[in-house]
1. Run down A:406, A:454, A:432, A:388 and say which single residue is within 30 Å of residue B:115 (Cβ to Cβ) and either at pLDDT 85 or above or within 11 Å of another protein chain (Cβ to nearest Cβ) (or both).
2. Out of the residues in the stretch B:27-55 that are among the aliphatic types (A, V, I, L, M) and more than 7 Å from chain A (Cβ to nearest Cβ), which is surrounded by the fewest Cβ atoms within 10 Å (Cβ to Cβ)?
3. I need every pair where a residue in the stretch A:175-196 that is at the interface with chain B (Cβ under 9 Å from one of its Cβ atoms) has its Cβ under 6 Å from the Cβ of a residue that is aliphatic (A, V, I, L, M), sequence separation at least 6 or different chains.
4. Tally the residues that are in a loop (DSSP other than H, G, I, E, B) and within 13 Å of residue A:32 (Cβ to Cβ), restricting the search to the stretch A:52-74.
5. Taking residue A:480 and the conditions (1) out of contact with any Leu (no Cβ under 9 Å at 6 or more places or on another chain); (2) modelled with pLDDT of 85 or more; (3) buried (at least 23 other Cβ atoms within 10 Å of the Cβ), which numbered condition does it fall short on, given that it satisfies the others?
6. Does any residue in the stretch A:434-461 that is farther than 13 Å from residue A:336 by Cα come within less than 8 Å, Cβ to Cβ, of a residue that is in a helix (DSSP H, G or I) and of a type in the set (Asp, Glu) six or more places away or on a different chain, and which pairs are these?
7. Please enumerate the residues belonging to the stretch A:412-426 that are more than 7 Å from chain B (Cβ to nearest Cβ) and either crowded, with 19+ Cβ neighbours inside 10 Å or not hydroxyl-bearing (Ser, Thr, Tyr) (or both).
8. Among (1) within 30 Å of residue B:120 (Cβ to Cβ); (2) at pLDDT 80 or above; (3) among the hydrophobic types (A, V, I, L, M, F, W, C), where does residue A:341 come up short?
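The values are calculated or read from the model by the stated rules, or taken from the named source; none is laboratory data. Given the structure is predicted, the values throughout are model-derived calculations rather than measurements. Virtual Cβ from ideal backbone geometry, glycine too; neighbours counted across all protein chains shown.
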Amino acid sequence: MLEGILLGLETAFSIQMLLMVIGGCLIGTFIGMLPGLGPMSIIAIMIPVAISIGDPAAAIILLAGVYYGAIFGGSTSSILLNAPGVAGTVATSFDGYPMAKQGKAGKALTIAAIASFCGGTIGAVLLMIFAPALSSVALLFHSAEYFALMVVGLSAIAAFAGTGQIAKALLMTVLGLMLGTVGEGTMFSLPRFTMGVMDLQSGLSFVTLAMAMFALPEALFLVLNPPKPGSRKAEEIKNLRITREEAKSIAPVIARQSIQGFFIGVLPGAGATIASFLGYAVERNIATKDEQDQFGKGSIKGLAAPETANNAACTGSFVPLLTLGIPGSGTTAILLGALIALNVTPGPRLMIDEPQIFWAVIISMYIGNFVLLVLNLPLIPYIAKILAVPRNYLIPYILFFTLMGAYIGQNNATELLLLVGFGVCATALRFADYPLAPLLIGFILGGMLEDNFARSMQLYDGIAFVGQRPMTMILLAIAMLLILLPSLRSRRAQMRRKGVADGD
Amino acid sequence: MALDRWIALILLGFCLIYGYAAWFTMDVGLAPFMKRNPIWPSTFPKILSVLGIITSLIILLAVEKGEQKVSDIDYRRLHEYKLGQAILLLCLMVVYAMCLRPVGFIFSTSTFLIFGSIILGERKWYFVVPIALIATLFVWYLVQEVLGIYMRPFPGWLGG
């Protein structure tokens, strides 16, 4: 491991990489503050830039920097304006905004910055410990297990979607898998579902799909439902200091939430949003009675918990991506797509075949967190000014960057029409409360899922591999349980409720 | 019937068409030697079509009960939102997609940015036009010179 760390240090501390980290964090922070542009949209927009860099280590470091920056930037706008730019920072606004209203905006931003820094850094330490162990286990896996593992990943994403949402998330996953079958597959060079259109021969571009699923609907939502005028302007920000007692009271919160957030982030499908809500809920439950009353009214613990958890979860979500090649969230799915475009296949072999990439990413996480802290503390008052960009200017530019992102990757105007078409469909799906991340994850995993399925079918001459490999069977059973358990439980709860009502 | 079930119905139709293509039309041109393979190009799509039909039926028949959640925008009151602006912007995007190649990057992009702001209700010409021009030239320079991706700057008849 020490060797790897040294290699990572060597790669990550070159001038180019340092510039990438700093640039990524800055871009992420600034765009992340704009309401409606989450890390997924920002990373999707940055992909063409990252891909054209050519060096996979530099590209993923840039994108990872953008990712942390976006999460941090999102917390700035949730604290100052109660307008969370990112789903992962919604919980931050519960206590951050009340603090800002009490004139403690500076303190709130400082706590957010420090909590993010600790969460990210502790997360990176945990990643360093757990990723190598996980990847050595993963080397025992064959194509049959890979197939089963991806099924588990996809069903976990559906299972974590929440009550009443599982079927929708499943349908979206299947739809993503279907879209992934368009074009020529790798196993059989036979065009499928292209309807004779030449431009579809190479399949749908994932950048186009990512833009259409996330950036475009966000922008359209901003157009449809403009924020009410008269929402608070950022007031003067002063008094950044935290007292010693305050530091003492949030230290255990940060320690607990770093670890909890990290492990939630590792689970496929959970990610920063769930980690932050869960972190908030847990800290609220274990706080003393007096402190509990403070939650929601400007409690520093209530601010530190989600901020720590979401940053630790961001780091945690890199574990399945780097070790198994399975993205746990929409954002890491986009990162995976970018890596594949750069000819790097994340998975258990990554650590062995390209250790410089693996370790450089981990080391860059420390640098990224440090850069975020250094950049943000002094910049906080100025950063908030960007929120004042009028929407009339902002939206056309967001739309333009989405279009450019899709165009630059393919140099093909058909791609732009596909983008608009899919974007409209995605907006309709969002109206009806269908989750869109499963669709993109399904699309990205689809190719690999089918390849592994086809390989094991060929090796075992049919579907027999499921029975002959116990590991595969166990994994597939887990996948079934993941889908069935939550719906069974909600059904039982419903029956019970019904029973009580009848008794009355 | 709520919107999510209407969408499930549409998706069911999509899955049926997809399934028809997978089950009945894809294997027609399959070479004889490939037919001896345990897996055909159509195997995976066949499985997907079945899964898709099942899940869309579950939503359509409302087997899984969940609380009704209203997303950021309530579609039932869609007309109360700025629907006209959104549709105009989408049309503008389509026009932009059609024009990008024939008209050239600089003209089509600056027009897109200017009209985008105007559609959203901006009337300050002296701000909109220069900002759009500067942004267009900046992005063109970035893409063409820094990233090295060719973008035709002017219409074809100008030799761009």
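1. Result: A:406 is the single residue among A:406, A:454, A:432, A:388 that is within 30 Å of residue B:115 (Cβ to Cβ) and either at pLDDT 85 or above or within 11 Å of another protein chain (Cβ to nearest Cβ) (or both).
2. B:28
3. A:175/A:439; A:177/B:48; A:178/B:48; A:187/A:454; A:193/A:182
4. 0
5. Among (1) out of contact with any Leu (no Cβ under 9 Å at 6 or more places or on another chain); (2) modelled with pLDDT of 85 or more; (3) buried (at least 23 other Cβ atoms within 10 Å of the Cβ), the lone unmet condition for residue A:480 is (3).
6. Cβ pairs passing all conditions: A:434/B:4.
7. Within the stretch A:412-426, A:412, A:415, A:418, A:419, A:421, A:422, A:423, A:425, A:426 meet the criteria.
8. (1)
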